[in-house]
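Heads up: the structure comes next, in structure tokens.
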Amino acid sequence: MSNSVIQIPNKQIPNSTHTFAAMEKFLKDLFINQSYDEKNFFLIAGPCVVESEELVMEIAEKVYLICKNLGIPYIFKASYRKANRTSGSSFAGLGDDLALGMINHVKKKFLLPATTDIHAKEEAVLAAQHVDILQIPAFLCRQTDLLEAAAKTGKIVNVKKGQFVSGEAMKFAIDKIRKSGNEKIILTERGTTFGYQDLVVDYRNIPIMRSHGVPVIMDCTHSLQQPNQSAGITGGNPQMIETIAKAAIATGADGLFIETHPNPSIAKSDGANMLKLDLLAPLLEKLIRIRKAIS
């Protein structure tokens, strides 16, 4: 690894790219059933929400085959419940047990790790029975009881950086999880509030959050949301997904988070900022070339 550093006031942050050879053991254990290039980034991908068993299986199979071909470690993602929709009339899920069962089916069929988000401490134990990673939504990254409940399950905890939080301040979320006895922590960058209806990505947060000693993921789709629209449906800017992803890899992200759907225009949640499924493979091929160029 390079010994050069990026200078940030009061900090010295390693300017190097992780490989799985030097990565946390919990990540290597997570991908034990997969064959992959240790120099690659890892990918979290899937639909925003469980819409049907047919859909989650279709997406999981296609992404699994793409990643297997490219040597990218893959984690399947789908929300079993959506508790943070803009409008109360928006689709919130098929039911907890049914949706979690479908995620579990994906895990077993393709031997994949899986993740889903939780919104209250009571959900932690239930979701942990079906997934390997508990995702903490950005708006809840300071919610102490939620972080502690997720940590105590023993699962990997992925905390999304709040749109209102600096990369430096995410150390407090890490401290809460560690004090609960869990060292398996990931942070995710997903943009910063810019006015009322837009987000911007500050790529300084990737090396800053890596300096806390945890892997860092770039959420390439939610960072392009345009929230709080008057119609009650979050907008998005999906044509910029490739730009966000390229910059994230160039600045040292360990993994990428990309929500994808065969037809985002009819998706039941976040269709405005999801990547069309048939665009995923060519995007990942470009990103692998960037990864190789900087490693």
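The values are calculated or read from the model by the stated rules, or taken from the named source; none is laboratory data. Note that the coordinates shown come from a computational prediction; the quantities given were computed from them, not determined experimentally. For neighbour counting, all protein chains shown are included, and Cβ atoms are generated from backbone atoms with ideal geometry for every residue, glycine included.
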Exactly one of these conditions fails for Ser211: (1) crowded, with 20+ Cβ neighbours inside 10 Å; (2) in contact (Cβ under 8 Å) with a residue 60 or more places away in the chain. Give me its number. (1)
Search region 32-52 for residues that are hydroxyl-bearing (Ser, Thr, Tyr) and pair each with any residue that is assigned to a loop (DSSP other than H, G, I, E, B) when their beta-carbon atoms are under 9 Å apart and the residues are at least 6 apart or on different chains. Ser35/Gly71; Tyr36/Phe20; Tyr36/Gly71; Tyr36/Ile72; Tyr36/Pro73; Ser52/Leu94
Output the number of the condition that Thr86 fails; it satisfies all remaining conditions of (1) under 20 Å from Leu256 (Cα atoms); (2) at pLDDT below 80. (1)
In region 265-295, anything part of a loop (DSSP other than H, G, I, E, B) and under 16 Å from Leu224 (Cα atoms) is listed as Ser269, Asp270, Met274
Per the filter on region 108-134, residues surrounded by 19 or more Cβ atoms within 10 Å (Cβ to Cβ), in a helix (DSSP H, G or I) and not aromatic (Phe, Trp, Tyr) are Glu123, Ala124, Ala127, Ala128
Test each condition in (1) surrounded by fewer than 19 Cβ atoms within 10 Å (Cβ to Cβ); (2) closer than 19 Å to Gln143 by Cα; (3) touching a residue at least 12 places away in the same chain (Cβ under 8 Å) for Thr188 and report the one that comes out false. (1)
Given the condition touching a Pro at 6+ places or on another chain (Cβ under 9 Å), surrounded by 19 or more Cβ atoms within 10 Å (Cβ to Cβ) and closer than 16 Å to Met218 by Cβ, answer yes or no: does some residue in region 275-291 qualify? yes
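Please go through region 63-82 and give me each residue that is crowded, with 23+ Cβ neighbours inside 10 Å and part of a helix (DSSP H, G or I), ordered by number. Before you say what the answer is, go through the steps one by one.
Of the residues in region 63-82, the ones crowded, with 23+ Cβ neighbours inside 10 Å are 63, 67, 72-80.
Selection gives Val63, Cys67.
Return yes when Thr221 is at pLDDT 95 or above, of a type in the set (S, T, N, Q) and within 18 Å of the chain's Cα centre (by Cα) and no when it is not. I'd like the intermediate steps shown before the answer.
Details: at pLDDT 95 or above: no; of a type in the set (S, T, N, Q): yes; within 18 Å of the chain's Cα centre (by Cα): yes.
Considered against the rule, which asks whether it is at pLDDT 95 or above, of a type in the set (S, T, N, Q) and within 18 Å of the chain's Cα centre (by Cα), Thr221 comes out as no.
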Could you list all residues from region 147-185 that are without any contact (Cβ under 8 Å) to a residue 12 or more places away in the chain and of a type in the set (Gly, Ala, Ser)? Ala169
Which pairs turn up if I take residues in region 240-260 that are on the phi > 0 side of the Ramachandran plot and look for partners that are of a type outside the set (A, V, I, L, M, F, W, C) and buried (at least 16 other Cβ atoms within 10 Å of the Cβ) with beta carbon separation below 9 Å, at least 6 apart in sequence or on another chain? Gly252/Pro14; Gly252/Asn15; Gly252/Ser16; Gly252/Thr17; Gly252/His18; Gly252/Pro207; Gly252/Arg210
